[in-house]
Amino acid sequence: MTEPRPLAVFDLDGTAHRQHFLESSPRDWRGFFAAAPADTPLSEGVALAREAAADCDLLYLTGRPERCRADTEEWLRAHGLPDGPVRMRRDHDRRPAVRTKLEALRGLRATRTVRMLVDDDPLVLAEAERAGFRVVEADWGRTSAQLRAGQEREGRT
């Protein structure tokens, strides 16, 4: 029996055009996620995903809530990203991204080799690296302070 291909785990980025939904108080999370289908793919991330798919299975690990699944999977197909399952946050899960993503990575590692994690969140990257994962910083996207607060303090993405 052959060993499965390693996993390359990719966060989904490209939220710059919709970060204005998070500048009001209270933050407009419904509008933020409703605008996700208009995200522009980031060419650096797309190229890296295609390159990784040559010798890895891809898995998309996102903080988006489960209610965004149909839009997210359609967006991946529409932009020609490599196939791979999408792991999403439960709709009412408000834990910080660093907790949810590390939990998912540890679960994946129990059955598969995780070759790398590609993410833009410095806290997620630092904790993943401490846990022994190879990390690649997706520094090609722009993330606002409001989005960072949503990721880490409000558990929204």
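In this structure the chain gives 52 Å² per residue of accessible area when probed at 1.4 Å with all protein chains present. If you sort 32, 21 by accessible surface, 1.4 Å probe, largest first, the order is 21, 32.
The spacing between region 119-135 and region 2-50, judged by their C-alpha centroids, is 17 Å.
Under 5 Å between amide hydrogens, built in the peptide plane, is the criterion, and for residue 114 it picks out 7 among residues at least 5 positions away or on other chains. Among 56-63, 122-129, sorting by the average number of other beta carbon atoms lying within 10 angstrom of each residue, highest first, gives 56-63, 122-129. Nonpolar atom fraction for region 1-100, defined as the carbon and sulfur part of the 1.4 Å probe accessible area, stands at 52 percent. Estimated at the nearest 10 Å², the accessible area of residue 140 is 60 Å² with a 1.4 Å probe. Residues whose amide H comes within less than 5 Å of that of residue 81, counting only those at least five positions distant or on another chain, are absent (H built at 1.01 Å from N in the peptide plane).
Distant-in-sequence amide contacts of residue 10, defined by a placed amide H-H separation under 5 Å and a gap of 5 or more residues or a different chain, comprise 59, 60, 61, 118.
The values are calculated or read from the model by the stated rules, or taken from the named source; none is laboratory data. Predicted, not measured: the structure shown is a model, and the values here were computed from it. We place every Cβ from the backbone using ideal geometry, glycine too, and count neighbours over all the protein chains shown. Just the protein is used for accessible areas: all its heavy atoms, side chains included, with ligands, DNA and RNA removed. Shrake-Rupley method; radii C 1.70, N 1.55, O 1.52, S 1.80 Å.
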